[in-house]
Amino acid sequence: MADPVILLVSSDHIDVLTEQFHRYQREYDVRPATSAREATAILQRARSTGQPVALIVTDSQLPDENVLLAMHDWRTLVATARRIVAIPIERFAEESQSLRPYLQKGKFDTYLVLPQGRRDEEFHYAVTELLSDWGATVATSEIDSVRIITPDSRPLALAIRDFLDRQGMPHRTYAPDTPQGQEALAKVDGEASYPLVHMSSGVFADRPVLMPTSTRDLAAMIYGRPSDIHCGDVVDFAVVGAGPAGLAAAVYGASEGLSTVVIESEVIGGQAGTSSMIRNYLGFPRGISGQRLGQRARVQAIRFGARFFTGWPVVELRPGADGEPHVLVTEGGKVHARSVLVASGVAYRRLGVQPLEDLVGMGVNYGAAMTAAREMEDRDVYVVGGGNSAGQAAVHLARFARSVTILIRREDLAATMSKYLIDEIEWNPRIAVRPCTEIIDGGADDTGQLGWLQLCDVRTREEERVSAGGLFLLIGAAPHCDWLGDAVLRDERGFVLTGRDVPTDCWIDGLPPENLGTCVPGIFAAGDIRAGSMKRVAAATGEGASAVSLVHGYLEGLRVPTAP
């Protein structure tokens, strides 16, 4: 395949841009253009030949067309390309102000000062961020340290690909009759069951080919078993869940000297890890994907000494009495911990339409399913949900799909979605919002994939059948913490009670637990699983970090001898 295109567009400063992007020419096809017309012709040729376009960098003023109109045309041609407006420094004060409303609406990804000299690394930091984001969400991996062998697009193969994407592990998919497929099959003892996962021999030499029955099988092999901790060891701090709250707690706990273990049932990053782009998280002006945020936090926590066990859901909590360690039970072993943070988050509620539940993984997806988004090209896609996660998914899907329709039961999005996302959705010509609508039925096409949906107006009960190539369900939060048993109290919806929300008959000496403390001393809760939480990434990370100070206080109390 031809190298991805980086398109540079400028009349007066094309020499500057060409010089700056010389460093990318080894791995990208860097193309200069001196007008919007010439740039459009380059993009048309790339599209007709199937050559991917990774990035468009344009001067803020073009000789033959308004830059915003040109951006609109280019986005129509190559919707997945990232877009930068480079503004000469003498015009930056004025044009950064005039362009800002269009940046907020998502008409381009960022604007930057045109470099004034060599080694403008701040400029190139933004460029490489966008190229990295494009490579992670659009491009086919050039590296195949993990090979997935499957004869078709079965649900488990898609789930494994999504898992590997969220772990940042490069992978590619091959059919069994390819040379790569035959190589993997030659290493299988007995009859093969698909999908096969062929690991690089340098990574897992003892088990080069797996036949997983779930993503948890793969996760457990990569990250080990909780029983790897010696049964006699007691850790200071066990975190259940590796979403934003759990990851923040792991970073702060490990960095402050607590022996810290994180147990995650699925994929590191939690529900936030499926977000294609979080634009309102502090410190990331160009946004960051949930996948990248989770990866960086995990590496940060590991650097301080935290241990992660992924693919092992906790099935039981046995609270310790009178300062004895709490026990977390998994199918892979037990973890004994002096303190526990419940940060297991929430899951998307089920739609409850059985014909569509039977098509999960075959066009129907819970969550954003970043891997499935790539396969929505030229399809009509539906997103159910009115929160920020649904909005982010719709914007990302619009890079690939022919159309994206957001279905909500409310009159509009104003009460449930951030304004910046609403503005971006309103501008995007590929996205429509259909209010006061629910799905009551659906079914497959001749290939066994999702083919149609039956929609119903919640006011009039009028029904309509529509063709659908993809359905993404992001419909509210449902806690999943039955493993807590009766010891840790929850509200009527199943969220963990903390602080003053704990019933007064569970207070100790007339005092409520700490604000993140549960009714059991030494057990805390943070993030979306906690009753009354804000359900935002920043709020969850703040609670996770705050919990560590409460853990310190609790552990210090355990060390104080009781007076006779």
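The values are calculated or read from the model by the stated rules, or taken from the named source; none is laboratory data. What you see is a predicted model; the values in this text were computed from it and never measured. With ideal geometry, Cβ positions are generated from the backbone for all residues, glycine too; neighbour counts draw on all protein chains shown.
With a cut-off of at least 2 residues that are small (Gly, Ala, Ser), name the strands (runs of 3 or more DSSP E) lying wholly within region 290-403.
On the way: elements: 307-310, 314-318, 326-330, 333-342, 346-348, 364-366, 380-384.
The strands (runs of 3 or more DSSP E) meeting that bar are 333-342.
Count, please, the residues in region 217-243 that happen to be out of contact with any Lys or Arg (no Cβ under 8 Å at 6 or more places or on another chain), at pLDDT below 95 and not in a loop (DSSP other than H, G, I, E, B).
Going through region 217-243 one residue at a time, the tally reaches 7.
Hey, can you tell me all the residues within region 523-544 that are among the hydrophobic types (A, V, I, L, M, F, W, C) and either surrounded by fewer than 18 Cβ atoms within 10 Å (Cβ to Cβ) or in a loop (DSSP other than H, G, I, E, B) (or both)? Talk me through it step by step, then tell me what you get.
Of region 523-544, the ones among the hydrophobic types (A, V, I, L, M, F, W, C) are 523-526, 529, 531, 534, 537-540.
Scanning region 523-544 gives 526, 531, 534, 538, 539.
Quick one: would you say residue 451 is part of a strand (DSSP E or B) and touching a Phe, Trp or Tyr at 6+ places or on another chain (Cβ under 8 Å)? Steps first, answer last, please.
Values: part of a strand (DSSP E or B): yes; touching a Phe, Trp or Tyr at 6+ places or on another chain (Cβ under 8 Å): no.
The answer is no for residue 451.
Where residues in region 439-469 are touching a residue at least 12 places away in the same chain (Cβ under 8 Å) and β-branched (Val, Ile, Thr), which of them is farthest from residue 385 (Cα to Cα)? Let's see the steps before the verdict.
Filtering region 439-469 down to residues touching a residue at least 12 places away in the same chain (Cβ under 8 Å) leaves 439-444, 448-459, 463, 465-469.
Next cut, β-branched (Val, Ile, Thr) only: 439-440, 458, 466.
Values: 439: 12, 440: 15, 458: 15, 466: 18 Å.
If we take residues in region 439-469 being touching a residue at least 12 places away in the same chain (Cβ under 8 Å) and β-branched (Val, Ile, Thr), then 466 is farthest from residue 385 (Cα to Cα).
Return the total of residues in region 351-391 being without any contact (Cβ under 8 Å) to a residue 24 or more places away in the chain and in contact with a strand residue (DSSP E or B) (Cβ under 8 Å, 6 or more places away or on another chain).
Start the filter on region 351-391 by keeping residues that are without any contact (Cβ under 8 Å) to a residue 24 or more places away in the chain, which leaves 352, 354, 357-358.
Adding the requirement that they be in contact with a strand residue (DSSP E or B) (Cβ under 8 Å, 6 or more places away or on another chain) leaves 357.
Residues that pass the stated criteria total 1.
Among the residues of region 348-361, is any surrounded by fewer than 18 Cβ atoms within 10 Å (Cβ to Cβ), under 23 Å from residue 540 (Cβ atoms) and out of contact with any helix residue (DSSP H, G or I) (no Cβ under 8 Å at 6 or more places or on another chain)?
yes
Report every pair of residues separated by at least 6 positions or lying on different chains whose Cβ atoms are under 9 Å apart, first residue within region 254-265 and assigned by TED's automatic domain parsing to the domain that holds residue 305, second assigned to a loop (DSSP other than H, G, I, E, B) and among the acidic types (Asp, Glu).
Between residues of region 254-265 that are assigned by TED's automatic domain parsing to the domain that holds residue 305 and residues that are assigned to a loop (DSSP other than H, G, I, E, B) and among the acidic types (Asp, Glu), the close pairs are 259/233.
What pairs come up if the first residue lies in region 105-120 and is touching a residue at least 24 places away in the same chain (Cβ under 8 Å), the second is assigned to a loop (DSSP other than H, G, I, E, B) and of a type in the set (D, E, K, R), and their beta carbons are under 7 Å apart, counting only those six or more places apart or on different chains?
109/286; 110/286
With (1) buried (at least 21 other Cβ atoms within 10 Å of the Cβ); (2) at pLDDT 90 or above; (3) part of a helix (DSSP H, G or I) as the list, and residue 422 as the residue in question, which single condition is left unmet?
In the conditions (1) buried (at least 21 other Cβ atoms within 10 Å of the Cβ); (2) at pLDDT 90 or above; (3) part of a helix (DSSP H, G or I), residue 422 misses (1) alone.
Would you please list the contacts, defined by Cβ atoms under 7 Å and residues six or more apart or on different chains, that run from a residue in region 322-340 that is free of Cβ contacts under 8 Å to residues at least 12 places away in the same chain to a residue that is assigned to a strand (DSSP E or B)?
Matching pairs, first to second residue: 327/318; 327/334; 327/336.
Kindly list the number of the only condition in (1) among the aliphatic types (A, V, I, L, M); (2) crowded, with 18+ Cβ neighbours inside 10 Å; (3) assigned to a loop (DSSP other than H, G, I, E, B); (4) in contact with a Lys or Arg (Cβ under 9 Å, 6 or more places away or on another chain) that fails for residue 487.
Just one mismatch for residue 487, condition (2).
For region 267-286, name all the residues that are aromatic (Phe, Trp, Tyr) and either free of Cβ contacts under 8 Å to residues at least 12 places away in the same chain or in contact with a His (Cβ under 9 Å, 6 or more places away or on another chain) (or both). Reasoning before the result, please.
In the first step, residues of region 267-286 are kept if they are aromatic (Phe, Trp, Tyr); the result is 281, 284.
The answer is 284, and nothing else.
In region 470-477, is there at least one residue being touching a residue at least 12 places away in the same chain (Cβ under 8 Å), outside any helix (DSSP H, G or I), farther than 27 Å from residue 336 by Cα and touching an Asp or Glu at 6+ places or on another chain (Cβ under 9 Å)?
yes
Among the residues of region 464-485, write down those that are acidic (Asp, Glu) and modelled with pLDDT under 90. First the steps, then the outcome.
First pass over region 464-485, keeping only residues acidic (Asp, Glu): 464, 482.
Result: 482, single match.
So, of the residues in region 1-16 that are within 33 Å of the chain's Cα centre (by Cα) and not in a loop (DSSP other than H, G, I, E, B), which turns out to be farthest from residue 108 (Cα to Cα)? Spell out how you get there, then give the answer.
Filtering region 1-16 for residues within 33 Å of the chain's Cα centre (by Cα) gives 1-9.
Narrowing further to those that are not in a loop (DSSP other than H, G, I, E, B): 5-9.
Numbers: 5: 17, 6: 15, 7: 14, 8: 15, 9: 14 Å.
Ranking the qualifying residues of region 1-16, first place goes to 5.
Is region 34-50 home to any residue that is within 27 Å of the chain's Cα centre (by Cα) and on the phi < 0 side of the Ramachandran plot? Explain how you work it out, then say what you get.
At the first step, the residues of region 34-50 found to be within 27 Å of the chain's Cα centre (by Cα) are none.
No - not one qualifying residue is present in region 34-50.
Kindly establish whether residue 520 is outside any helix (DSSP H, G or I), among the β-branched types (Val, Ile, Thr) and assigned by TED's automatic domain parsing to the domain that holds residue 271. Walk me through how you get there before you give the answer.
Values: outside any helix (DSSP H, G or I): yes; among the β-branched types (Val, Ile, Thr): yes; assigned by TED's automatic domain parsing to the domain that holds residue 271: yes.
Against the criterion (outside any helix (DSSP H, G or I), among the β-branched types (Val, Ile, Thr) and assigned by TED's automatic domain parsing to the domain that holds residue 271), residue 520 qualifies.
Tally up the residues in region 25-49 that are without any contact (Cβ under 8 Å) to a residue 24 or more places away in the chain, of a type outside the set (Lys, Arg) and farther than 13 Å from residue 74 by Cβ, please.
Looking only at that region, the number is 2.
Can you tell me which residue is surrounded by the most Cβ atoms within 10 Å (Cβ to Cβ) among those in region 155-197 that are free of Cβ contacts under 8 Å to residues at least 40 places away in the same chain and of a type in the set (S, T, N, Q)?
Ranking the qualifying residues of region 155-197, first place goes to 173.
Could you pull out every one of the helices (runs of 4 or more DSSP H) wholly within region 39-153 that has 3 or more residues that are under 22 Å from residue 426 (Cβ atoms)?
67-77, 89-104
Yes or no: region 389-409 includes at least one residue that is touching a Leu at 6+ places or on another chain (Cβ under 9 Å) and farther than 27 Å from residue 165 by Cβ.
no
Working only within region 438-448, note down all residues that are over 22 Å from residue 411 (Cβ atoms) and part of a strand (DSSP E or B). Can you show your working first?
Within region 438-448, the first condition is being over 22 Å from residue 411 (Cβ atoms), and the residues that meet it are 441-448.
441, 442, 443, 444 - these are the residues of region 438-448 that are over 22 Å from residue 411 (Cβ atoms) and part of a strand (DSSP E or B).
Evaluate region 401-416: report whether one residue or more is within 22 Å of residue 281 (Cα to Cα), small (Gly, Ala, Ser), buried (at least 16 other Cβ atoms within 10 Å of the Cβ) and within 21 Å of the chain's Cα centre (by Cα). If you could, list the steps in order and put the result at the bottom.
The first filter runs over region 401-416 and keeps only residues within 22 Å of residue 281 (Cα to Cα), leaving 413-416.
If we keep only those that are small (Gly, Ala, Ser) too, we end up with 414-415.
Of the ones still in play, those that are also buried (at least 16 other Cβ atoms within 10 Å of the Cβ) are none.
Scanning region 401-416, I find no residue that is within 22 Å of residue 281 (Cα to Cα), small (Gly, Ala, Ser), buried (at least 16 other Cβ atoms within 10 Å of the Cβ) and within 21 Å of the chain's Cα centre (by Cα), so the answer is no.
Regarding region 244-251, can at least one residue be identified that is buried (at least 24 other Cβ atoms within 10 Å of the Cβ) and not in a helix (DSSP H, G or I)?
no
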